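Novice: Questions regarding the structure given below will be posed in turn.
The values are calculated or read from the model by the stated rules, or taken from the named source; none is laboratory data. This one's a predicted model, so the numbers in the text were calculated from it and none came from an experiment. FYI the Cβ positions are ideal-geometry reconstructions off the backbone, even for glycines, and counts take in every protein chain you see. What goes into the accessible areas is simple: the full protein's heavy atoms, side chains included, and nothing from ligands, DNA or RNA. Shrake-Rupley method; radii C 1.70, N 1.55, O 1.52, S 1.80 Å.
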Amino acid sequence: MKIPTRWLITSYLLMASASLNAQYAWQKHDSNVDLSPHPLQGLKYEVELQASSAKGKTPLWLNANKYGLSSLEKSNGFLRGQLYRSLDNDSARRWGIGYGLDVVGAFHYQSKIILQQAYFEGRWLHGVLTVGAKEYPLQLKNAKLSSGSQTLGTNARPFPEVRIALPEYWTIPAFGRWLHLKGHIAYGIYTDDNWEASFTHRLSKYTSDVLFHSKSGYLLIGKPEEHKPFSVELGLEMGAQFGGKSYRPQGDGSVRIVKGGHSLKDFWRVFVPSGSDPTDGEYRNEEGNQVGSWVGRFNWDTESWSAHFYYDHFFEDISQMFLLDYDGYGSGDNYMKKEKHRFYLYKLKDMMLGLELNFHHGRWLRDVVIEHLYTKDQSGPYNHDHTMNIPDHMAGIDDYYNHSNFTGWQHWGQVIGNPLYRSPIYNEDGSIRVANNRFSAWHFGLDGCPTDKLGYRALLTYQDGLGTYQDPYTDVHHNVSLLVEANYLLPHNWAARVGYGMDFGHILGSNAGFQITISKKGIINF
């Protein structure tokens, strides 16, 4: 992926959180507040039992966007137990501590015992340091109703990582308090080495010891704390796979091993994209598998209703990041020399657009989401790199979520971003790749609370896909996925949720199934 350093450094400055101030309770300087440490205060627990049964595979919206805690098997389920302490318990202090442990016993999953979350985090003023695997919420979209973000979604298992973050917006005192910042930087490691080797039977590309990197920065323009109705949120989300070993079986039975770097220099090269991979040859790209999204949301908030228009533009190289690339190379023996002052301008076609409506006092209808996702262009179908005979450098055929060395933007077979990109876990040929990344889709979601105890949500998605540029479908494939789900609050903090989902079409197959979840939450008092 080709992303120039000078365009990115400004975005990363949003992460300097240690010196930031924020609107926390500790800023009120209440002398009556107990500031002594109580590390067990506010310790919560949650127990969850879930069972799914399907004809065919588990339908899309019964398994997607659950942080990878899902299975496609006809019958599957789990018993889950969580203990966690939120940083919110220390909001009156300049510092805070939080931690969590989330263990799952599952049947017909990739693992029988799953350590879903295990983390410790500390806060000083507004900056937070987290060590371990933790589930993080979706940004700028409705987590219950959206199809998901394209770069940093909620569809795959969390990574064990070290993360520095400014998790909540900090208001800049200057500029009339109209500007607010938040963001994060994280480095982690993949945990699916054994699964990759088992899934591929070591007959197609798989990896081990791969490292993970993500970062984000968001700018909020507005005064929501003063009840100003209009605000704008603009952001950049990026992620990368790097390091590790890539095993590439050859036709003669041998295996080619491509080793990535693990030095401090490699960590820097994925933070500010630079360097190259061992397989790049004369066409030097930046190190690792680099992906990202320009994201944004325009908000109008009133006392009774809100409206949000948002976008998510995905990119894998400079051709879609800035829609502009150098195209002035010579020909013949000079095909690698920059001879002309010429650039190629790409059209903005690939985009996720969404509209969210919130009715704050609604009962039967509380929230509505409409999304359109288009990914068919990918900088065009022609000429990824210039050659001696073809000097045009148009950087097409981007192949979203896939990569030549790595197993793509996935973890444990589930794509890390939006699940409408067909996850590798669906593949029946033992390959870890996204087989359908060129598609258009319409997605609808709505929810409500007819009573204080009864709630519901409904999702409906229509998608037509072309496969990939390298492996296109012979004709257009279609898919329809739906979900109808009801939840009910029971006495003593018990809750029950029942969902029914269906898939129709050739992309995911014909599937139908039920899912029942029973859970209980509470606080442990010491």
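Novice: Condition check: at pLDDT 95 or above and part of a strand (DSSP E or B). Does THR451 satisfy that?
Specialist: When the stated conditions are applied, THR451 does not pass them.
Novice: Quick one: how many residues across segment 220-246 are in contact with a Leu (Cβ under 9 Å, 6 or more places away or on another chain) and open to solvent by 50 Å² or more (accessible area, probe 1.4 Å)?
Specialist: So the count comes out to 2.
Novice: Being of a type in the set (Ser, Thr, Tyr) and under 28 Å from PHE343 (Cβ atoms) is the filter here; which residues of segment 394-440 pass it?
Specialist: Initial filter on segment 394-440 (of a type in the set (Ser, Thr, Tyr)): 400-401, 404, 407, 421, 423, 426, 431, 440.
The answer is TYR400, TYR401, SER404.
Listed here are the residues, each with its yes/no results for (1) in contact (Cβ under 8 Å) with a residue 60 or more places away in the chain; (2) closer than 16 Å to SER216 by Cα; (3) assigned to a loop (DSSP other than H, G, I, E, B).
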residue	(1), (2), (3)
LEU115	no, no, no
TYR119	no, no, no
LEU129	no, yes, no
GLY132	no, no, no
GLU135	yes, yes, yes
GLN139	yes, yes, yes
ASN142	yes, no, yes
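Novice: Here is a list of conditions, (1) under 20 Å from ASN63 (Cβ atoms); (2) in contact with a Gly (Cβ under 8 Å, 6 or more places away or on another chain), and VAL476 meets all of them except one; can you say which number that is?
Specialist: Unmet condition: (1).
Novice: Taking strands (runs of 3 or more DSSP E) that do not extend beyond segment 299-372, which have at least 1 residues that are out of contact with any Leu (no Cβ under 7 Å at 6 or more places or on another chain), within 20 Å of LYS141 (Cβ to Cβ) and open to solvent by less than 30 Å² (accessible area, probe 1.4 Å)?
Specialist: It comes to 305-315, 351-359.
Novice: Would you point out the residue of segment 446-478, among those that are more than 30 Å from ASP367 (Cα to Cα) and over 26 Å from the mean Cα position of the chain (by Cα), that is surrounded by the most Cβ atoms within 10 Å (Cβ to Cβ)?
Specialist: It comes out as TYR473.
Novice: Taking the stated definitions as given, is GLY332 at pLDDT below 95 and on the phi > 0 side of the Ramachandran plot?
Specialist: Yes: the conditions hold for GLY332.
This table checks each residue for (1) touching a strand residue (DSSP E or B) at 6+ places or on another chain (Cβ under 6 Å); (2) modelled with pLDDT of 95 or more; (3) of a type outside the set (Lys, Arg).
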{"site": "ASN194", "(1), (2), (3)": "no, yes, yes"}
{"site": "PHE212", "(1), (2), (3)": "yes, yes, yes"}
{"site": "GLY217", "(1), (2), (3)": "yes, yes, yes"}
{"site": "LEU234", "(1), (2), (3)": "yes, yes, yes"}
{"site": "GLY261", "(1), (2), (3)": "no, no, yes"}
{"site": "ASP277", "(1), (2), (3)": "no, no, yes"}
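Novice: Quick check: anything in segment 481-493 among the hydroxyl-bearing types (Ser, Thr, Tyr), in contact with a Phe, Trp or Tyr (Cβ under 7 Å, 6 or more places away or on another chain) and part of a strand (DSSP E or B)?
Specialist: Looking through segment 481-493, at least one residue is among the hydroxyl-bearing types (Ser, Thr, Tyr), in contact with a Phe, Trp or Tyr (Cβ under 7 Å, 6 or more places away or on another chain) and part of a strand (DSSP E or B).
Novice: Is one or more of the residues making up segment 389-409 of a type in the set (Ser, Thr, Tyr), open to solvent by less than 10 Å² (accessible area, probe 1.4 Å) and on the phi < 0 side of the Ramachandran plot?
Specialist: yes
Novice: Right, here's the next one. Write out, first by first residue and then by second, each pair whose Cβ atoms fall under 9 Å of each other, whose residues are 6+ apart or on separate chains, and whose first residue, in segment 361-379, is under 25 Å from GLY465 (Cα atoms) and free of Cβ contacts under 8 Å to residues at least 12 places away in the same chain while the second is open to solvent by 30 Å² or more (accessible area, probe 1.4 Å) and assigned to a loop (DSSP other than H, G, I, E, B).
Specialist: Sorted first by the residue in segment 361-379, then by its partner, the list stays empty.
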